[in-house]
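K.L.:
Dumping the structure here so I can ask a few things about it.
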Amino acid sequence: MGDIVIAARNLSKRYGPVQAVDKIDLTVRRGEIYGFLGRNGAGKTTTIRMFLGLIRPTEGEVVLLGETIRPGVRKVFSRVGYLVETATAYPNLTVRENLAIQCRLMGQPQTAVDAIIAQLGLAEYANRRAGHLSLGNKQRLALARAMIAQPELLILDEPANGLDPGGIVEVRALLRGLADEQGVTIFLSSHILGEIGQLADRIGIIHNGRIIEDMPVAQLHARTRRTLLVGVAEPERAADLLAARLGFAVVPHAADGLLRIPARPEQAPEIARLLVDAGLNLTRLCPEEESLEAYFMRITEEASCSKPS
Amino acid sequence: MFKTVLITEMSKLRRSPITWISWLGVSLMPLVSGLFMWVVKEPDRATQLGLLGQKAQFAGAVADWPGYIAMLLQALGIGGTILIAVITAYLFGREYADGTIKNLLALPVARHHFVTAKLVTALFWFGLLIGWLAVEGFVVGWLLALPGFDLRVILPAAGELFLIGLVAWLLTPAVAWVALWGRGYLAPLGFTIFMLMLGMVVGATGWGKWFPWSIAPLFAGVAGPRVETLTPGSLIVLGATFIVCAVGTMLHLRYADNMQ
């Protein structure tokens, strides 16, 4: 199974009465960008910490690049770059000095420092102390630190933290390029589905310490709810009509008065004909796909409701 | 790999505020001791300058080289133990305070190298500071024109300064361990002050040569009558403390969960 870069099996972490991560099984393949999504406190960072050996699992195991992560393991980390939670650096050292330290510890030639400074757009700040950097540039420095050794695997926890919209687009393009051109495997966590939806090949959703979805992003789109959005002069009468004639139980949306009918797009002509024939003025009729955010909220709420007590 | 880690630790230290803070702390020791000697030597002028109350006196204090050296040794016995603890607490605690500890733990470097490199860095810097203390102490004593100058007294005293420094350094793994446990600076500093106070009490009971935090003050002549040489028992206690705490620190870094 040489193409499996991360394999977590039955991975669990308990802190006293709190089950932070609960029997996670997860596989990430070479060259894949895996988006790990969850609300704050869902267990994303705890999982990432177990991947990196920063904390020890209560149960289960993690295999990174073919090596089981246990105390004392270190060779594999020459092939892994990471950023966990907040971007941190030595505040009294400059950007260049911080990167030079990382470069040494990763066993890289010092020429890698200039290369990564250029790649991450840090040249202007190379001689500035890390403590004087903006939040966004600290994040760039942390990303530079993670990427300096040209790792095969990048594990990034909330990599867009603190970046402005331009920075987010740049980092997204950079990560996509690393995956597409250099075959770097990227595991990134976020609580922003939009960010992950645009970048990841595969997505895992963690909620209350459990993986509740794990699928290709293309499949995610297939799972979102599709509705027909109908704007009509008398929405209550239209709703009654749709229920009576076509069996759709719909109520006008409180905010915009629109009807969201759980129908397929090809049913649109039939619905339009029904409403027009009934003398209702149709102001809008278009298909609507549930946003990824709405989908995420729906399934995490469903997971919360179905959680055994 | 140890050499690489040591270089990185040295470069981190070089740009740290602890370097000039600790240098300032050490530099004050000969200045304060020298001032004290001058007051003893020139009580009338000190009184005129308001440095000495009319009725104040320093019972038994003699303004000469042996008296001055004894004062420097005492200053290092307490001040040096605190100072090396501050340096060690900084070297280990900063990784938590700056949130950089997580950046050290998933690298192709054995974690125990960070412990040894930090301890060696502390020893190196503290050694330089004691060297500076010896030079500055000599210059201050010379400027004061203290009587009783004798190389047969001064040269062994320089050796004793380094020996007190070494004894204080042997206690640093305990400070490091507490810094990891407490995830910052405060716990190790509190620990050191508490242990030094305890060391003074134990020293006064006569059991001081068996208690690690009494040994340096006893050797410096702060906690009761000065012990001229370290007994084998004291050396064993110090060695055991160093080894147990160094291994404990390494195991902590290897096995404890890092939540930062």
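The values are calculated or read from the model by the stated rules, or taken from the named source; none is laboratory data. Worth saying up front: this structure is predicted, and the values here are computed from it rather than measured. Cβ: placed from backbone, ideal geometry, glycine included. Neighbour counts: every protein chain shown. Side chains are part of the model used for accessible areas, which takes the heavy atoms of the whole protein and leaves out ligands, DNA and RNA. Shrake-Rupley method; radii C 1.70, N 1.55, O 1.52, S 1.80 Å.
K.L.:
For region A:201-242, give me the residue count where each residue is open to solvent by less than 50 Å² (accessible area, probe 1.4 Å) and under 30 Å from A:LEU280 (Cα atoms).
P.N.:
Number of matching residues: 12.
K.L.:
Considering only region A:41-58, I want to know if a residue exists there that is crowded, with 20+ Cβ neighbours inside 10 Å, away from chain B (no Cβ under 14 Å), in contact with a helix residue (DSSP H, G or I) (Cβ under 9 Å, 6 or more places away or on another chain) and touching a residue at least 24 places away in the same chain (Cβ under 8 Å).
P.N.:
yes
K.L.:
In region A:121-135, which residue that is of a type outside the set (Gly, Ala, Ser) and part of a helix (DSSP H, G or I) is farthest from B:ALA110 (Cα to Cα)?
P.N.:
Top of the filtered list is A:GLU124.
K.L.:
Then there is this: Sort out which residues of region B:1-36 are open to solvent by 70 Å² or more (accessible area, probe 1.4 Å), closer than 16 Å to B:PHE126 by Cα and basic (Lys, Arg), and write them in order of number.
P.N.:
B:ARG14 - this is the single residue of region B:1-36 that is open to solvent by 70 Å² or more (accessible area, probe 1.4 Å), closer than 16 Å to B:PHE126 by Cα and basic (Lys, Arg).
K.L.:
Same structure again: Which residue out of A:ALA112, A:ALA149, A:ALA160, A:ALA118 is over 18 Å from the mean Cα position of the chain (by Cα) and assigned to a loop (DSSP other than H, G, I, E, B)?
P.N.:
Every option except A:ALA149 fails the conditions.
K.L.:
Would you check if B:ALA187 is in contact with a Pro (Cβ under 8 Å, 6 or more places away or on another chain) and small (Gly, Ala, Ser)?
P.N.:
no
K.L.:
Give just the number: which of (1) within 10 Å of chain B (Cβ to nearest Cβ); (2) more than 15 Å from A:LEU154 (Cα to Cα); (3) of a type in the set (A, V, I, L, M, F, W, C) does A:VAL95 not satisfy?
P.N.:
(1)
K.L.:
Give region A:66-92 a look and list any residue that's surrounded by fewer than 20 Cβ atoms within 10 Å (Cβ to Cβ), in contact (Cβ under 8 Å) with a residue 12 or more places away in the chain and more than 9 Å from chain B (Cβ to nearest Cβ), or say none.
P.N.:
A:GLY66, A:ARG70, A:VAL73
K.L.:
Is it fair to say B:ALA85 is in contact (Cβ under 8 Å) with a residue 60 or more places away in the chain, of a type in the set (Gly, Ala, Ser) and more than 10 Å from chain A (Cβ to nearest Cβ)?
P.N.:
Spelling it out, B:ALA85 is indeed in contact (Cβ under 8 Å) with a residue 60 or more places away in the chain, of a type in the set (Gly, Ala, Ser) and more than 10 Å from chain A (Cβ to nearest Cβ).
Yes or no, residue by residue, for (1) open to solvent by 20 Å² or more (accessible area, probe 1.4 Å); (2) modelled with pLDDT of 90 or more:
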| position | (1), (2) |
| --- | --- |
| B:PHE124 | yes, yes |
| B:LEU129 | no, yes |
| B:VAL139 | yes, yes |
| B:LEU144 | yes, no |
| B:PHE149 | yes, no |
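K.L.:
Another question about this same structure. Name the single residue, out of those in region B:6-36 being assigned to a helix (DSSP H, G or I) and of a type in the set (D, E, K, R), that is nearest to the other protein chains (Cβ to nearest Cβ).
P.N.:
The selected residue is B:LYS12.
K.L.:
Quick one: count up the residues across region B:105-117 that are more than 8 Å from chain A (Cβ to nearest Cβ) and either open to solvent by less than 10 Å² (accessible area, probe 1.4 Å) or within 12 Å of the chain's Cα centre (by Cα) (or both).
P.N.:
3
K.L.:
Six or more apart or on different chains, Cβ atoms under 8 Å: show the pairs whose first residue is in region A:172-183 and more than 15 Å from A:GLN198 (Cβ to Cβ) and whose second is part of a helix (DSSP H, G or I).
P.N.:
A:LEU178/A:MET147
For (1) at pLDDT 90 or above; (2) open to solvent by less than 30 Å² (accessible area, probe 1.4 Å); (3) of a type in the set (Asp, Glu), each residue gets a yes or a no:
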position	(1), (2), (3)
A:THR94	yes, yes, no
A:GLU97	yes, no, yes
A:VAL113	yes, yes, no
A:ALA144	yes, yes, no
A:GLN150	yes, no, no
A:PRO159	no, yes, no
A:ASP164	no, no, yes
A:LEU178	no, yes, no
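K.L.:
When you go through A:ARG140, A:ARG104, A:ARG129 one by one, which is the residue that is within 25 Å of B:ARG14 (Cα to Cα), of a type outside the set (A, V, I, L, M, F, W, C) and more than 13 Å from every other protein chain (Cβ to nearest Cβ)?
P.N.:
None of the other options fit; the residue is A:ARG140.
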